[in-house]
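Single-structure report; data block below.
The values are calculated or read from the model by the stated rules, or taken from the named source; none is laboratory data. This is a predicted model, so every value here is computed, not measured. No Cβ is skipped: glycine too gets one built from the backbone with ideal geometry, and neighbour counts run over all protein chains shown. All accessible areas refer to the heavy atoms of the entire protein, side chains included, with ligands and DNA or RNA removed. Shrake-Rupley method; radii C 1.70, N 1.55, O 1.52, S 1.80 Å.
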Amino acid sequence: MIIRPVINVPLPWLTILFARIYGARRGKPQEKRDVKYLFPRTLKVTKLGKWYIAILLLIGIAAINTENNLLYLIVGMLLSLIIISGIMSESTLRGLKVKRTLPGQIFAGREFLARIEIRNTKKVLPSFSFALRELSVPGLDSNDSYVLKLKNGEKVTRHNNLIFNKRAVVTLRGLMITTSFPFSLFIKGKREKADLTLTVYPRLCPAPIKELERLNSLNRIAHTKENTTAKGDGIDLHSLKKYVPGDDSRRIDWKSSARSRVLLTKEFEREEEIRVVIDFDNTTEDSTAGEEYFEHCVSLAAGLACHLIERGFYVGLKTREARFECKSGKSHLFSLLDALALIEPDKTCTTSRRPSVRVTER
Amino acid sequence: MAILGLLGVYLVREVGSSLLVAAALIATLSFAVKRRPERLKSIWNLAAILLFLFFALDYMLFSQNLMGSAIRFLTILAATKLFDLKSARDYLVFYSLVFFQIIAAAASSTSPLFLLIISIFIICSIWAMIIFNIKGELESRYTDTRTLPPNLFSPSFLLTTVALTAFSIIITFALFFIIPRVGIGLMQNRDLTALKVSGFSDSIRLGDLGAVKRDTAVVMRVELPAGLPENEALYFRGQTLDRYSSTGWEATTRKKRKISKKSTDRFVLGRLTEIGSSMIEQNITLEPLETDVIFGASRLMVIDGGFQELWTNESGGVYLPNIPYSRVKYTAISSVDAKVKEAKDSGIDYLETSELSADVMKLAKRITRERFLSEQEKAEKIKRYLRENYSYTLSPDKGAGATPLDDFLFFTKEGYCEQFATAYAALLRGAGIRARIVTGFLQGEWNKYGGYLLIRQQDAHSWVEANIDGYWRRLDATPSIGLVGFTRTSTLSMYLDSLGFKWRRYIVKYSLSDQLSVARSVESQTNRLSASVRNFIASIKDMLSGKKSFSQSSLFRKSSPALALLILITIIWALFIKYGRGREDSEEKKERPRFYRTMEKTLKKIGLERRSSETATEFARRSGISNVRDITEAFESVRYGHRELTKIEMRKIEESLKALKSSAGQSA
């Protein structure tokens, strides 16, 4: 007897599947996709699922051995529950849209919150029991947040705690929505693409107390010595003057204005520009301890930059490759931190010196 | 769930009703007990171990039946587990126990009630597992959460799960029919209890059949593809007995020779020339009886049932090599001609009267004393005599006769088929006609719902075969009152029986050959469908090319399946558009209108792609194409200005797109 295949539908699907895998493996480097996320969903079998499959196989073997059709019926039932599980988990994941918001500055070793807004765009069905987690990237630790139920058309906000272990320029690839709904047999995941490149600033290491005292004393001297009457953008009050249109309304001193019944604005003293340069000698030692020390130095430099700019210093940065002018202000701080986030040990240096950080006055 | 488990166990033969009642009581008690002390966990564990030991001993020392002991253990364990349901894990353990109870039911029962149980189990398990999943998630995340939040499942969700359950049952059956039956049946459960039947062994004692005449247990079901014959009742012939002793009958030969196989599974007894119009085909499902006899209406000619070998003798009895311990299913073709010719040199003396008393011989002579009576007339006279002078009863008294036959003929004068048949055969022999006894079944009741004959123990019957004018004829002296069933089965029971029969036929006995026939029919259906699709396409082509007009084309005559398919695909597609991706698409549309997407696609062809860090305006500026700038402007007013474009604006955009496409085509 010749048994011919009745339905030959799988062939085109197999071809597509083969083409996708082959395409992902052989694609041009810039187009190369992550094989892990080749398929729109990821699937992991839970412990309960493993038991379930083991029991299914056992009953299957028993059915084959005994030719008992009712056991075949039970095998059919168990398989159908797997299919139902697939459909229900899909209905939970489908139509979920995620928007993630991160804080502006992220420092290594410092925990921060990612705000995630989840929207269920399905027409009819709610989504049940799913968790959201940042897709893993090297150096990132994160917890996940859980949503028990999200009705159709509604949105909800959750916060994930994230922490980066080291400074780097990192590309977050998106979020993974996972669910073990409905039967806890499988954990199905859906990757929500949300590429975001961000710079993780170095850890902020407090500078040695001696050094800080020295720098603070510099600051004090500057203030006492410089008790000039010049007006400027400092923080100490210089005088009050009558308000004229065009003056910064934030500088109006309301109490004095009330007393004198005339609008008065504050004028500040000009501050002395204390110029310091953080001299970071980014040489290297060829050892693990050396690497650690280098990272410590980067953190120290970053800590110093923060500390000094917060106190009104004009801070420059000098490394073996780059030099930053002495400037003040937040934006300058971030450009310094950007540079420190990317700094690498200079391996061209022939003398085997330890990396060091010094603050020199200008 | 607990009830479901108990129902499952109820189907298992090894479990007595007392155990079930006990388990039900324990289960009920568990609901009554409200306070659950913390140390109950350890008590339950201890109880489980003790129960296990108890049933292990039960298996080793008493029952020796692993299945029985295991099921009893499971039943009590599940009932006691009801006392210890706290965490999600406890519930899981309980569901597993119920599941195993159902497996036990599957392994040792063939009742159609199982269908109901498994359907309810699917519904319950889907719900139980969903709740287990959510409870488990909550327990793992929030330590203080014990109960599910209210209004968790909306009515639409409930409806969806009900639909999914129905869908799951459909898939279950679809998979059931698809899973290849490559079974080797090494450990088949051959433990079906065989019905004790009398009258089908080497010898019977008079009065043996009386015991079963009140038993309503079903013996066999006979499907008749040609329907029930109207003019004549069917006699399902079993064993023939030829030697009379004072207490009963014996068969001198049973399995004399093997029947030759004509094709793979087909055994042919009679000469094929004998197979004619008076043939009747029957599909017989024989319950396990404590006999190796194969039954069939009148004279069996062809038997088809996958038997390895079959045996027969001169009188046409058919036998299995061994007593079967499971249901036997076969197709038989019988000759229902009243007369059959047999080989003469069988060596059996059908005229032996040595054991008959002188009174019986005298009676035979007296009934047939007229001269020149043919054998046929003699037989008729004896039959009439018996019918007129003897009455039918299922509980004949014991008389003063030396043998049961004398008792019947001369003292009590009442009896049932066995006595009538014995008396008839004895008197025929006394009158010089070769005769023997046949035991078998009457045709029983016709089940109109299932289209089969339902034959019970109480339809057991015995009659006479006599050789008249060289042909063996069936003769029956039993009064007509003895030829009808004693109990009328109610419509509901008939319906349930037919349901059970179908369940066993299509589910319990579903086999590889059934699968092959299904596959063949699917193949022929798909061939028909593809032919119809081809025809449909050809008709459309003809109509378009003007070869045939609409009325001439066979569009509706030959292509109706293709049309149906087309309509079905259209409906599914429409539903998909409406409910499937509709929402996501509309969200997408709001964020990026179609014309902008078309522009992006066109630009991609010439290697211009918008970077993720780029705004639409920046991208338009970088492209340096005026058309792109125009389109982007319109896009921004739609996307950020939430403004609908006017017709004129739309036309402009269309033109810009056209120009963009043509220039892209040229540069490509």
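A few remarks follow.
- B:Asp90 passes every criterion in (1) in contact (Cβ under 8 Å) with a residue 24 or more places away in the chain; (2) open to solvent by less than 10 Å² (accessible area, probe 1.4 Å); (3) more than 10 Å from chain A (Cβ to nearest Cβ) apart from (1).
- In segment A:173-190, the residues that are out of contact with any Lys or Arg (no Cβ under 8 Å at 6 or more places or on another chain) and of a type outside the set (S, T, N, Q): A:Phe181, A:Pro182, A:Phe183, A:Leu185
- Residues that are closer than 16 Å to A:Arg191 by Cα and buried (at least 22 other Cβ atoms within 10 Å of the Cβ), drawn from segment A:84-94: A:Ser89, A:Thr92
- Among the residues here, B:Thr615 does not qualify as under 30 Å from A:Thr171 (Cβ atoms) and modelled with pLDDT of 90 or more.
- Condition check for A:Leu132: within 30 Å of A:Ser335 (Cα to Cα) and part of a strand (DSSP E or B): no
- Filtered residues of segment A:53-71 (kept if closer than 27 Å to A:Leu14 by Cβ and touching a helix residue (DSSP H, G or I) at 6+ places or on another chain (Cβ under 8 Å)): A:Leu56, A:Gly60
- Test for B:Ser391: is it modelled with pLDDT under 85 and either small (Gly, Ala, Ser) or in contact with a strand residue (DSSP E or B) (Cβ under 6 Å, 6 or more places away or on another chain) (or both): no
- The residue list A:Ser256, A:Ser260, A:Ser217 contains one member that is more than 30 Å from A:Asn120 (Cα to Cα), at pLDDT 85 or above, small (Gly, Ala, Ser) and open to solvent by 30 Å² or more (accessible area, probe 1.4 Å), which is A:Ser260.
- Residue check, A:Ala301 touching a strand residue (DSSP E or B) at 6+ places or on another chain (Cβ under 6 Å), touching a residue at least 60 places away in the same chain (Cβ under 8 Å), hydrophobic (A, V, I, L, M, F, W, C) and over 18 Å from A:Asp279 (Cβ atoms): no
- Pick from segment A:312-335, criterion among the aromatic types (Phe, Trp, Tyr) and within 11 Å of A:Val277 (Cβ to Cβ), ranking: surrounded by the most Cβ atoms within 10 Å (Cβ to Cβ): A:Phe313
- Answer residue from segment A:98-111, given it is away from chain B (no Cβ under 14 Å), part of a strand (DSSP E or B) and surrounded by 15 or more Cβ atoms within 10 Å (Cβ to Cβ) and is nearest to the chain's Cα centre (by Cα) among those: A:Ile106
- Qualifying residue in segment B:323-330 (condition: surrounded by 20 or more Cβ atoms within 10 Å (Cβ to Cβ) and in contact with a helix residue (DSSP H, G or I) (Cβ under 9 Å, 6 or more places away or on another chain)): no
- When segment A:336-359 is filtered for residues that are in contact with a Phe, Trp or Tyr (Cβ under 7 Å, 6 or more places away or on another chain) and open to solvent by 40 Å² or more (accessible area, probe 1.4 Å), only A:Arg354 remains.
- Residue ID - modelled with the lowest pLDDT, chosen from residues in segment B:184-205 that are open to solvent by less than 40 Å² (accessible area, probe 1.4 Å) and touching a Phe, Trp or Tyr at 6+ places or on another chain (Cβ under 8 Å): B:Ala194
- Given (1) away from every other protein chain (no Cβ under 14 Å); (2) at pLDDT 80 or above, index of the condition B:Leu269 fails: (2)
- Segment B:477-499, subset part of a helix (DSSP H, G or I), small (Gly, Ala, Ser) and at pLDDT below 80, residue most open to solvent (accessible area, probe 1.4 Å): B:Ser480
- Annotation: of all residues in segment A:46-63 being open to solvent by 50 Å² or more (accessible area, probe 1.4 Å) and farther than 18 Å from B:Ile102 by Cα, the one that is nearest to the other protein chains (Cβ to nearest Cβ) is A:Lys47.
- Between A:Ser180, A:Ser129, A:Ser145, the distinction of being in contact (Cβ under 8 Å) with a residue 12 or more places away in the chain, open to solvent by less than 40 Å² (accessible area, probe 1.4 Å), within 11 Å of chain B (Cβ to nearest Cβ) and out of contact with any helix residue (DSSP H, G or I) (no Cβ under 9 Å at 6 or more places or on another chain) belongs to A:Ser145 only.
- Checking segment A:22-40 against the condition returns no match, with no residue being more than 9 Å from chain B (Cβ to nearest Cβ) and modelled with pLDDT of 90 or more.
- Conditions (1) at the interface with chain B (Cβ under 8 Å from one of its Cβ atoms); (2) touching a helix residue (DSSP H, G or I) at 6+ places or on another chain (Cβ under 7 Å); (3) surrounded by fewer than 21 Cβ atoms within 10 Å (Cβ to Cβ): number failed by A:Leu81: (3)
- In segment B:206-243, of all residues being modelled with pLDDT under 80 and open to solvent by 60 Å² or more (accessible area, probe 1.4 Å), the one that is farthest from B:Ala477 (Cα to Cα) corresponds to B:Thr216.
- Against the numbered list (1) more than 14 Å from chain B (Cβ to nearest Cβ); (2) over 15 Å from the mean Cα position of the chain (by Cα); (3) assigned to a loop (DSSP other than H, G, I, E, B), A:Val137 comes up short only at (2).
- Number of the condition not met by B:Glu380 [criteria: (1) under 49 Å from the mean Cα position of the chain (by Cα); (2) at pLDDT below 85; (3) more than 30 Å from B:Arg266 (Cβ to Cβ); (4) of a type in the set (Asp, Glu)]: (2)
- With respect to the conditions (1) open to solvent by 50 Å² or more (accessible area, probe 1.4 Å); (2) closer than 30 Å to B:Thr216 by Cβ; (3) outside any helix (DSSP H, G or I), B:Lys547 lacks only one, and its number is (2).
- Taken residue by residue, segment B:431-439 has at least one member that is polar (S, T, N, Q), in a strand (DSSP E or B) and within 27 Å of B:Ser354 (Cβ to Cβ).
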